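Remarks on the structure that follows.
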Amino acid sequence: MFSSLSTSSRELWTILLGRSALRELNQIEAELNKHWQRLLAGLSYYRPPSSSSAEKVKANKDVASPLKELGLRISKFLGLDEEQSVQLLHCYLQEDYRGTRDSLKVCSCVQLLSAACIFCPCWFWIV
C-alpha cells in the first residue's frame with residue numbers, strides 16, 4: 001500500500017529545496033521525474049474519501065489494526081481518501097513522531113496521537 005507513496009510530499013520539497021541527501025543531479029532528476037505528476041497536481045493529488053478505498057485499507061493485512069483505525073478517523077476528519085490518510089499517518093510516524101514503539105503501545109490516549117496526526121500531515125505533507 002505504501003509503495004505508491006514511497007516518497008512523501010515533504011521529501012519531494014526537501015529535494016526541490018536542495019536539502020536532501022541526494023547530491024547527484026541524475027538522482028535528483030530521476031526522483032523528480034518519477035513524481036512529477038504529483039508535484040504538478042499539488043493539493044489536487046489528494047482525493048476525497050471513498051468506500052472502495054476504505055475497504056482496501058480494511059482488507060490490507062500489511063497495515064496494523066491501530067494504524068488502520070486511526071487512518072480511517074483521520075480520513076473522516078480531513079475529508080481525505082482513506083488510503084492516502086493511512087499513508088500520511090505512516091509518514092508522520094516515520095518522519096516526525098518522537099516517541100518509541102513502546103510508548104505507542106502504552107499510549108491509550110488515542111486522542112492525543114490523533115490530534116498530532118491530524119495537524120502534522122496537514123502542514124508537513126500536504127502543504
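The values are calculated or read from the model by the stated rules, or taken from the named source; none is laboratory data. Please read all numbers here as calculations on a predicted model, not as lab measurements. Quick reminder, even Gly has a Cβ in these numbers, built from the backbone with ideal geometry, and neighbours come from all protein chains shown. All accessible areas refer to the heavy atoms of the entire protein, side chains included, with ligands and DNA or RNA removed. Shrake-Rupley method; radii C 1.70, N 1.55, O 1.52, S 1.80 Å.
For S44, the requirement of being under 16 Å from the mean Cα position of the chain (by Cα) and either surrounded by 13 or more Cβ atoms within 10 Å (Cβ to Cβ) or under 30 Å from R101 (Cβ atoms) (or both) is not met. Just one residue in the set A54, A21 is of a type in the set (A, V, I, L, M, F, W, C), out of contact with any Lys or Arg (no Cβ under 8 Å at 6 or more places or on another chain) and crowded, with 17+ Cβ neighbours inside 10 Å; that residue is A54. Within the stretch 67-104, restricting attention to residues that are without any contact (Cβ under 8 Å) to a residue 24 or more places away in the chain and not in a helix (DSSP H, G or I), the residue that is most open to solvent (accessible area, probe 1.4 Å) is R98.
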